[in-house]
1. Scan region 138-188 for residues that are in contact with a helix residue (DSSP H, G or I) (Cβ under 9 Å, 6 or more places away or on another chain) and among the basic types (Lys, Arg) and jot them down.
2. Would you say residue 197 is out of contact with any Cys (no Cβ under 7 Å at 6 or more places or on another chain), crowded, with 17+ Cβ neighbours inside 10 Å, polar (S, T, N, Q) and modelled with pLDDT of 85 or more?
3. If residue 53 satisfies every condition in (1) within 20 Å of residue 210 (Cβ to Cβ); (2) touching a residue at least 60 places away in the same chain (Cβ under 8 Å) but one, which is the exception?
4. Assuming residue 175 fulfils every condition listed in (1) surrounded by fewer than 24 Cβ atoms within 10 Å (Cβ to Cβ); (2) modelled with pLDDT under 85; (3) touching a Phe, Trp or Tyr at 6+ places or on another chain (Cβ under 7 Å) apart from one, which condition is it?
5. I'd like to verify a number: residues in region 179-218 that are over 14 Å from residue 239 (Cα atoms) and not in a helix (DSSP H, G or I), how many?
6. Scan region 238-259 residue by residue and report those that are surrounded by fewer than 22 Cβ atoms within 10 Å (Cβ to Cβ) and of a type in the set (A, V, I, L, M).
7. Among the numbered conditions (1) at pLDDT 85 or above; (2) buried (at least 22 other Cβ atoms within 10 Å of the Cβ); (3) over 22 Å from residue 158 (Cβ atoms), tell me where residue 235 comes up short.
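The values are calculated or read from the model by the stated rules, or taken from the named source; none is laboratory data. As the structure is a prediction and not an experimental result, all values here were calculated from the model. Counting neighbours? That spans all protein chains shown, and the Cβs are built from the backbone with ideal geometry, glycine included.
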Amino acid sequence: MIRDLLQYEFLQNAFLTGMIIGIIAPLLGVFIVVRRLSLIADALSHVTLAGIAASLLLEKKFMVMSGLNPLYMGMVFSVGGSLFIEKLRTVYKHYQELAIPIILSGGIGLGAIFISLADGFNTDLFGYLFGSVSAVSRTDLYTILLISVFVIAAIILLYKELFLLSFDEEHAKASGIAVKSIHFIFIIMVALVIAASMRIVGILLVSSLMTLPVAASIRIARGFKETIFYSILFGETSVLGGLVLSYYLDLAPGGTIVMIAVIILVVTIGLKKISSSRPVKNGVKA
């Protein structure tokens, strides 16, 4: 595998892209889970699917669109969906959680329409749904690299604001933090990361990479920063382990990555139960 990795550009693209996604997806996932917005990843992934289907439809109907990378159209739809979610959250002030299923339903509906207009599925769309290592281009790698720089820089600069906003939004408002602006930046980052991750993990599985490593880290971490560390560690393990196994066993990379994340989650739950069930002697667990 090492020889092939050094020889073939598509493998280099896939592993480098996977390493980047293994960092930024769980990193954002920590804030998503703490804010109880786990379903937002599913909603935006389905909106992204609609954008991909629209791009493939335009490419099929108009030759001038043949050179357009579907990744860009997916990002436009994903960002648009995130903005609609924010707008709906202001409309339904007392039922803000309604915004997510509304956008999710709209994304599924649009995607179905565009797919039917394109006369059904094709190989490209199937690859976007479940991930395709061979489809990751150098352009995709550079795009994801730029997104990762933006996301990491934003989280470093706005860490205190995001932390406070995640745990106590009312206190954040009282402290003079520009809550709407911070939340706007945050949801744009989520939309971009979801769109960027679809090549490796697939649109239908990308939400798993943003939540499963976080769910596992919560079981063993003793603080917020430790949760971030373990989330990234588990995310990287899932992505790299999934890519290696999919290479040797000829499996779907997206599904393999998600199943490794599930195994890690089950192991951490088991370890936590074993640790908590140990008898206590003189105030210290045996």
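1. Those that are in contact with a helix residue (DSSP H, G or I) (Cβ under 9 Å, 6 or more places away or on another chain) and among the basic types (Lys, Arg): 138, 173, 180.
2. No.
3. (1)
4. The one condition residue 175 does not meet is (3).
5. Count: 2.
6. Hits for region 238-259 are 240, 244, 245, 249, 251, 252, 259.
7. Evaluating residue 235 over (1) at pLDDT 85 or above; (2) buried (at least 22 other Cβ atoms within 10 Å of the Cβ); (3) over 22 Å from residue 158 (Cβ atoms) leaves (3) as the failure.
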